[in-house]
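Notes follow once the structure below has been shown.
Any read-out appearing in this document is the output of simple, stated calculations on the displayed coordinates, not a laboratory observation. Given the structure is predicted, the values throughout are model-derived calculations rather than measurements. Here the Cβ positions follow ideal geometry from the backbone for every residue, glycine too, while neighbour counts run over all protein chains shown.
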Amino acid sequence: MAGVTDVIDKARQIADEVLFPAALEVDRDGVLPASHLDLLAREGFYGLAVAGVSPLVVEALAGGCLATTFVWMQHHGAVRAVAEAGRTDWLDPLCRGERRAGVALGALRPGPPSVRATPVPGGYRLDGESPWVTGWGMIDVLHTAARTVDGAETALWALVDAVPGPALRVSPLDLVAVNASATVEVHFDGLFVPAERVTATLPYAEWPARDAAGLRMNGSFALGVAARCLRLLGPTPLDTELDACRAALDTAPPPTYQRHARPRRSWPCEPLPRWW
């Protein structure tokens, strides 16, 4: 099995030789080549979440094509979920990229649940909307979050087939950037989810802490784009500033926020000074 350094090196090679040369066309046309994701699957990148995805892998790929990286990154929550649940029937094809996952977590935002889960015989009924679902048309299954409204307020995750129908509709979103990510809003209207498709349940009150612990990876998207820009510029004092931002993200404690309130974010480092 390849070590972490080997995977980082391979990510940089893919970014330099495949993703970045096509990035302008992807952004202009708003279409993500299937070959990008197929390449990541062949190289084993769809199974990295089992051992843990290095932020440097995400940063390297984002420096090649942000849209490709964003779609690929949505897959890993489902991999971790089925691994923790011991679901080898799902784990193996997800790790090989034969099945590809997206994520719908809008229901876990503070405030009333946007996707409600109602217990019914044999499983749950889902109703509501989940915005900002990425990779539609490039995924087979949607790792979907919902919350019960029975007083216990339980959060649950389930694997939902990414297939439109009377109980599952999508509305495309037109984005200013990374429009090739095929981001949509998903509408659930009485969608039945069998109990065996549920990967986890937990008290909703425990979700904010779990969510905060995983936010570090989001910074790698911006770091990757910035690092690519700095490579194109050549050596400048901004290289040191970027390293400082990365170190600050690596060492920062998880943010905290109050339930039912929009989280207040703080910058991990000071804004970059103008050097020109």
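Select one label from (1) 38, 21, 17; (2) 44, 24, 18; (3) 32, 22, 18: the one whose number is semi-axes √(5λ) of the Cα gyration tensor in Å as derived from the coordinates shown. Label of the calculated value: (3). The peptide list 35-45, 178-188, put in order of mean Cβ contacts within 10 Å with the highest first, becomes 178-188, 35-45. Comparing 247, 226, 146 in a Gaussian network model of the chain, where Cα atoms under 10 Å apart are tied by springs, the biggest mean-square fluctuation is seen for 247. For the chain, modelled as a GNM whose springs connect Cα atoms under 10 angstrom apart, the maximal fluctuation among 148, 199, 236 occurs at 236.
Each label point was placed 7 Å from the Cα along the Cα-to-Cβ direction; for residue 232 and residue 177 their separation is 1.3 nm. On the basis of the beta-carbon distance and an R0 of 25 Å, residue 118 and residue 209 show a calculated FRET efficiency of 0.45. Each semi-axis of the equivalent ellipsoid for region 4-96 is √(5λ) with λ an eigenvalue of the Cα gyration tensor; in descending order they amount to 24, 14, 10 Å.
Count Lys and Arg as plus one, Asp and Glu as minus one, and take only other residues whose Cβ is under 14 Å from that of residue 227; the net charge is then -1. When the Gaussian network model of the chain links Cα atoms closer than 10 Å, the mean-square fluctuations of 209, 117, 60 top out at 209. Counting 0.36 nm for each residue step from residue 96 to residue 50 and taking away their Cα separation leaves a gain of 15.4 nm. Here region 119-142 is scanned for amide nitrogen atoms under 20 Å from the site 7 Å beyond the Cα of residue 217 along Cα-to-Cβ, giving 131-142.
Normalised by the number of residues in region 4-96, the mean separation of alpha-carbon contacts (under 8 Å, six or more apart) gives a relative contact order of 38 percent. Taking a sphere under 14 Å around the Cβ of residue 181 and counting the other residues whose Cβ falls inside, with K and R at +1 and D and E at -1, yields a net charge of -3.
Placing dummy labels 7 Å off each Cα toward the beta-carbon, the span from residue 25 to residue 202 is 4.2 nm.
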